[in-house]
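Laboratory data are not the source of any read-out in this text; all were calculated from the coordinates shown. This one's a predicted model, so the numbers in the text were calculated from it and none came from an experiment. Positions of Cβ are generated from backbone atoms using ideal geometry, with glycine treated the same way; all protein chains shown enter the neighbour counts.
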Amino acid sequence: MSINKNIKENITEVRPNVWEIPSNFKREMKVPGRFYLEEDALSSLEEGAIEQITNVACLPGIQKFAIGLPDIHFGYGFPIGGVGAFSTRTGVISPGGVGFDINCGVRMVRTNLTEKDIKPKMKEIVDKLFVNVPSGVGSKGKIRLKNNEIDNVLDFGAEWAVENEYGWEEDLNFLEENGRMLDADSSKVSEKAKKRGIPQLGSLGSGNHFLEVQKINEIFNEEVAKTFNLEPGTITIMVHSGSRGCGHQVCSDHLRAMDKAYKKHNLNIPDRQLACAPIDSIEAENYFRAMSAAANYAWANRQMMVHWVRETFEGIFNQSAEDMEMSVIYDVAHNIAKKEVHNIKNRNQEVIVHRKGATRAFGPGRVEIPSEYRKVGQPILIPGTMGTASYILHGTDIAMEETFGSTAHGAGRKLSRTGAKKKFTSDEIKADLKSKGIHVRANSDPVLAEEAPAAYKDVDQVVRTSDSTGIAKIVAKVVPLAVTKG
């Protein structure tokens, strides 16, 4: 659906590829809406996504802007590719600003292998990864937690995984939040969410989640690439997954609580999907602690899968993961709310930043960034779609000033899964990937049609917009060699 004429007439370009809807567009808006889009992407943006940004701008305590990033599209409450930051004194917290797949995110592992090393073994690699890293709708992990262990996963995240010999201690240094949100409280997670999470820990899931073997194809910034230890021609592995049924249930549980809370607290909201509660309320505290626990589950989940990736490569190449230099480049969260300090009106203020389908993009000097990367800004991982390139970028000062240190998280859908299945067949997708030399394994043929590259926006354009507006800068491009899907 195209943008209606009334909204179009009220959008102004504040600088190239940066657009605003003024706060007087709706009487209830407290801040402007701001979009980071090339002009043709803006003209084709769904009306619903624009409307959602203006709705987010109406929420109590929102600071500076309601933000739409270059991969913005219609979502639940907030658009996907949306960011909102709320004062810890006057603001609210909304599950719709995080979404159902809490801490869906991406982790990338480097290696010293080259395409020449892996090409003769490519079929074996993809087949064994498909077996060793469980995937698919309702997929179950390879381990069985004891009843009390799920609480430790929720409370300690990737720390729990490392303590249980899934991965290396040094991995934790290169995970956002070091793989553990300290506000997590497993007692705020329902028994139903825990029961859904117990069998699924250590599994990829389905939909747009994937495990991909890639090659660093091009370096755009040699200095930053050197800081990130990226070598052209070497192999990387990317894991894209989240908190599985556990996170979905946490969101569902607390949406019901928030639906009562916003009425109880007399909050005037423009859309029931933005159900929220004041940050100092018990409902907000319960949600934040449960959401943090689900985020920890996701970090533990990716930690375990990376461990099995390393084991797979060790078995195939008869070398240790250390000898293959299979270290973590970084791990980023896409759907999360976090307490952060940002400069607002020339003073540092604590806010709750909601990122929904958005990647943290902290610029140089922030203490949250690993010390090895601090001088250049954090690594940003923007995955493409099945069969297309993915990118590594770095955070910037512009992002800190304008987007609360945020940028895009991926290509963003332009066709629904149903629409994609009507337009594409799995046989077409397999043939297209094969023609490009990309090996693929999936649990079901319909997934391949649903995840067809043409069902998504152009990741090159998304990354180009992030780069041209300065909210992230391109470092390197990777291309897929093999992919497993749920």
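So which trypsin sites (Lys or Arg not before Pro) in region 128-169 are both in a DSSP loop and have at most 10 other Cβ atoms within 10 Å of their Cβ? If you can, show how the numbers build up before the last one.
Values: sites: 128, 140, 142, 144, 146; in loops: 140, 142, 144, 146.
Taking region 128-169 and a limit of 10 other Cβ atoms within 10 Å, the loop trypsin sites (Lys or Arg not before Pro) found are 144, 146.
Would you calculate the separation in nanometres between label points at residue 142 and residue 11, each defined as 7 Å from the Cα along the Cα-to-beta-carbon direction?
4.7 nm
Looking only at the chain, where both bridge partners belong to it, what percent of the DSSP beta bridges are antiparallel (to the nearest 5)? It would help to have the intermediate numbers written out before the result.
On the way: 69 of 77 bridges.
Antiparallel: roughly 90 percent of the beta bridges in the chain.
Place a +1 charge on the Cβ of each Lys and Arg in the chain and a -1 charge on the Cβ of each Asp and Glu, then give the dipole magnitude about the Cα centre in debye, rounded to the nearest 20.
Numbers: 62 positive and 63 negative charges, 271 e Å.
Once rounded to the nearest 20, the dipole reads 1300 debye.
Place +1 on the Cβ of every Lys and Arg and -1 on the Cβ of every Asp and Glu in the chain, take the dipole about the Cα centre, and give the residue among 298, 61, 409 whose Cα lies farthest towards its positive end.
Selected residue: 61.
With charges only on Cβ, +1 for K and R and -1 for D and E, what is the dipole size of region 184-267 about its Cα centre, in debye, rounded to 20? Please list the in-between numbers first.
Details: 12 positive and 9 negative charges, 181 e Å.
The dipole of region 184-267 has a size of about 860 debye.
Can you find, among 166, 227, 287, the residue sitting farthest towards the positive end of the charge dipole of the chain, where Lys and Arg contribute +1 and Asp and Glu -1 at Cβ?
Positive-most Cα among the choices belongs to 287.
How do 403, 111, 484 rank when sorted from fewest to most other Cβ atoms within 10 Å of their own Cβ?
Working: 403 29, 111 21, 484 25.
Fewest to most other Cβ atoms nearby, the residues stand as 111, 484, 403.
Can you tell me the order of 71-82, 269-280 when each peptide is scored by its average per-residue count of other Cβ atoms within 10 angstrom, highest first? Walk me through the intermediate numbers first.
Working: 71-82: 26.2, 269-280: 19.8.
Per-residue Cβ counts within 10 Å, averaged per peptide and sorted highest first, yield 71-82, 269-280.
Between the helical axis of 459-469 and the dominant principal axis of the chain, each derived from Cα atoms, what acute angle in degrees is found, rounded to the nearest 10?
So the helix axis and the longest Cα principal axis differ by about 50 degrees.
Report, in listed order, any pair from 30/263; 123/436; 64/457; 263/339; 116/436 with a Cα-Cα distance greater than 23 Å. Provide the component values of the computation, followed by the final result.
Numbers: 30/263 20 Å; 123/436 15 Å; 64/457 28 Å; 263/339 25 Å; 116/436 17 Å.
From 30/263; 123/436; 64/457; 263/339; 116/436, over 23 Å: 64/457; 263/339.
In the neighborhood of residue 286, defined by Cβ-to-Cβ distances under 10 Å, what is the net charge if each Lys or Arg adds +1 and each Asp or Glu adds -1?
Details: positive: 188, 289; negative: 185, 253, 283, 285.
Within the 10 Å Cβ shell, the charges total -2.
Set the Förster distance to 45 Å, then compute FRET efficiency between residue 226 and residue 46 from the Cβ-Cβ distance, nearest 0.05.
Working: r = 40 Å, r/R0 = 0.90.
The pair residue 226/residue 46 has a calculated efficiency of 0.65.
Along each of its three principal axes, how wide is the spread of alpha-carbon positions in the chain, in whole angstrom units, largest first?
So the extents along the principal axes, rounded to whole Å, are 64, 50, 48.
Roughly speaking, what is the centre-to-centre gap between region 377-409 and region 279-317 when only Cα atoms are used, to the nearest Å?
20 Å
Order these peptides, 233-240, 190-197, 301-308, by their mean beta-carbon neighbour count within 10 angstrom, highest first.
Details: 233-240: 21.6, 190-197: 18.5, 301-308: 26.5.
The densest-packed peptide leads the list: 301-308, 233-240, 190-197.
Decide, for region 282-368, between rounded, prolate and oblate: order the square roots of the alpha carbon gyration tensor eigenvalues as a ≥ b ≥ c, take rounded if a/c falls under 1.5, and otherwise choose prolate if a/b is larger than b/c, else oblate.
Working: a/c = 4.00, a/b = 1.90, b/c = 2.11.
Note, shape of region 282-368 comes out oblate.
Report the relative contact order of region 106-265, percent, no decimals, based on alpha-carbon pairs under 8 angstrom and at least 6 residues apart.
34 percent
Which distance in nm do the two modelled labels at residue 268 and residue 114 give, with both placed 7 Å along the Cα-to-Cβ direction?
Calculated label separation equals 6.7 nm.
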